[in-house]
Every structure is written in structure tokens, then in C-alpha cells.
1. With a 10 Å radius around each residue's Cβ, average the other Cβ atoms per peptide and rank 53-64, 102-113, 166-177, 25-36, highest first.
2. Of the listed peptides 8-19, 245-256, what is their order by residue-averaged count of other C-beta atoms within 10 Å, with the highest listed first?
3. Could you tally the net charge around A195, taking each other residue with its Cβ under 14 Å from the Cβ of A195, Lys/Arg +1 and Asp/Glu -1?
4. Quote the charge dipole size of the chain about the Cα centre in Debye, to the nearest 20; the model charges only the Cβ of Lys and Arg (+1) and of Asp and Glu (-1).
5. If every alpha-carbon in segment 2-288 counts as one equal scatterer, what log10 I(q)/I(0) does Debye give at q = 0.09, 0.14 1/Å?
6. For the chain, what does the relative contact order come out to in percent, with C-alpha contacts under 8 Å and a separation of six or more?
7. Mind putting together the pair-distance distribution for segment 144-188? All Cα pairs, 5 Å bins, whole percent per bin, short to long.
8. Nearest 500 deg cm²/dmol is fine: what mean residue ellipticity at 222 nm does the chain get from its DSSP H runs of n ≥ 4 alone, each adding -39,500 (n - 2.57), divided by its residue count?
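Any read-out appearing in this document is the output of simple, stated calculations on the displayed coordinates, not a laboratory observation. Quick caveat, the model's predicted, so the values are computed rather than measured. Quick reminder, even Gly has a Cβ in these numbers, built from the backbone with ideal geometry, and neighbours come from all protein chains shown.
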Amino acid sequence: MRIGLTLPTMMPGLDRETLLAWARRIDARPFATLAAGERIAFPNPDLMVAMGAAAAVTTRVELMPTVVVLPLHAAAVVAKQIATLDVLANGRVTVGVGVGGREEDFRAVGVPFEKRLGRMAAQVATMRRIWSGEPSVPDTAPVGPRPVHEPPVLVGALSQDSIRRAARWADGLCGFSFGPDGAEVAAAFDVARAAWRERGRPSPRLVASAWYSIASDGRDRMDAYVARYLGVFGDRAARSMARHCTTTSASALRDAVRRMEDAGADDFLLVPTTTDPDEVDRVADLVLG
């Protein structure tokens with residue numbers, strides 16, 4: 001199982017030097033993937049700009065925007081951004097896409113919240129046409145640049161219905177688990193393998209991710225992170241979800257890595273709750289040896 005690390009883009013106080021230090025250190029240590037997620041109505045940096053900065057200072061690690069909330073955007077714009085990122089990264093990009101669950105993000109950009117999953121499938125088809133060099137719509141010039149390679153598209157889903165629907169067009173999963181819960185993740189992966197097999201498609205790439213803290217006050221840090229990140233759902237809901245996040249110590253992180261490997265994950269992406277760049281080295285020494 002490969003281990004990836006997510007940039008701390010959802011943490012307060014992230015500045016230029018800190019972001020670039022994280023990217024450089026992730027690339028220097030044997031992490032497989034550098035990831036980052038998207039929010040709109042939240043004080044985080046723009047996903048594509050942050051990933052572009054990471055592309056400029058890395059040479060080895062895979063870059064994975066995960067997840068792009070695709071129904072928030074025009075498909076041609078995202079296709080152009082991802083292709084540009086792939087050119088800057090010399091072919092190191094895999095993209096995760098999802099429908100999002102926060103209506104305020106959709107209100108912030110004036111996009112309908114309803115029927116997101118159906119829109120996303122059509123958008124991925126448009127993006128693939130654009131990457132192959134076809135016009136996005138008839139009677140227009142192609143949307144460039146061409147990527148170095150066609151970026152694989154993973155779907156940010158763990159619900160069985162969403163996974164089965166995505167088997168028609170996705171190359172794999174990039175799900176999230178609060179625990180992380182090994183049984184939950186393994187069940188989703190089993191559904192994915194069966195759904196891809198039924199459609200005669202190659203085996204899906206199976207990516208899991210989870211928040212973690214290995215600080216001495218890991219429980220408090222996790223609670224504060226979840227309260228801030230999920231506060232839009234209300235304090236009671238945020239506290240309830242925080243209780244499911246058990247990766248709050250070094251030993252708990254090692255256990256989580258074992259659970260995800262036992263669940264059959266190809267990749268496990270670790271989402272930090274600190275902006276300290278030394279965290280990259282601490283985690284590398286802890287889980288990569």
C-alpha cells in the first residue's frame with residue numbers, strides 16, 4: 001500500500017513559505033502522493049493554485065487534487081486547469097472528483113445543488129474529450145493544452161449506489177473515512193471491485209483517506225480541527241463526527257495504516273491537523289521507516 005500526504009490547506013495560518021516547504025518535503029521523502037482538497041465558502045487557498053505551486057517545486061511525487069467538487073465548475077475550465085497542472089508536473093497528475101455535500105459552497109458560486117451526481121458524470125465525459133483533443137462543444141476550437149497523459153479520474157465516494165454508478169466512468173475511488181473504519185472501507189472496496197468487474201473494466205484504483213494527529217494533545221487538536229471544518233453542520237453534529245475520528249496518536253496512526261492495508265487500499269492519504277512542516281518528517285519516520 002502506498003502512503004500519501006495531504007497539504008494542510010484547510011488549516012489556518014498557511015502562507016507561501018509553509019505550503020512550499022510541505023510540498024518540497026513530501027517530494028523529498030518516500031511518499032507516493034501529494035494531495036489537496038477543495039472548499040469554496042471556507043478560508044482555504046484555491047485548490048488548483050495550491051497544486052500548481054506544488055507542481056513547480058516537486059519532481060517525483062504524484063499530484064492528486066482530491067476532491068475537485070466538479071459540479072461547482074464548468075467542465076471545460078476544470079479540464080484546462082488539470083491539463084495545465086499535468087504539463088507543469090510532467091505527467092504526474094491524477095484527479096479525484098466528487099459532488100460535494102455543502103450547499104453553501106454551491107450558493108457561493110450560484111450553482112444548483114440538485115442533481116449533482118448526474119451532472120458530474122457528464123462533466124467527466126466532457127473533460128476526457130477535451131484531453132483527447134476534441135472540442136468541448138461543436139464549432140469551437142479545442143480547449144488546450146493537451147496533458148502529458150490523460151489524467152486518471154477517481155471518484156470521491158463510499159456509498160454503494162454512488163460507487164456502482166461511477167463504475168461506468170471512473171478509474172477508481174478516492175474515499176474518506178472518519179475512523180478510519182476498516183470495515184466501512186473494505187465494504188466499499190468490495191462493491192467497487194464487483195461493479196467494475198460487472199462492466200468489464202480494469203480493476204479500480206482504491207484510495208482511502210483520513211484525518212490524523214500525532215501530537216501529544218492529539219485528541220484536542222482533532223476535536224478543534226473537526227469543529228472548524230464541519231462547523232457548517234452545527235456544533236452538535238461536528239462534535240458527534242469528531243468522536244469517530246480515532247487517529248489521534250502515533251500508535252493510532254500506525255493502527256490506521258494497518259487497517260487500511262487490511263481493507264485492501266492501494267493508497268492511504270493522510271490529512272494533517274497541523275501546518276508545521278516538520279510533520280512531514282515525523283510522519284515519514286513513523287509510517288514509512
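1. Values: 53-64: 19.1, 102-113: 14.1, 166-177: 23.7, 25-36: 21.2.
Top of the packing list down: 166-177, 25-36, 53-64, 102-113.
2. On the way: 8-19: 15.5, 245-256: 19.1.
My ranking of the peptides, most packed first, is 245-256, 8-19.
3. On the way: positive: R164, R165, R168, R193, R197, R199, R201, R205; negative: D161, D171, D190, E198.
Computed value for this residue: +4.
4. Dipole about the Cα centre, nearest 20: 640 debye.
5. Relative scattering, expressed as log10 I(q)/I(0), comes to -0.40, -1.04.
6. Details: 551 pairs, mean separation 59.3, N = 289.
Computed value for the chain: 21 percent relative contact order.
7. 5, 19, 25, 18, 13, 9, 6, 4, 1
8. -13000 deg cm²/dmol
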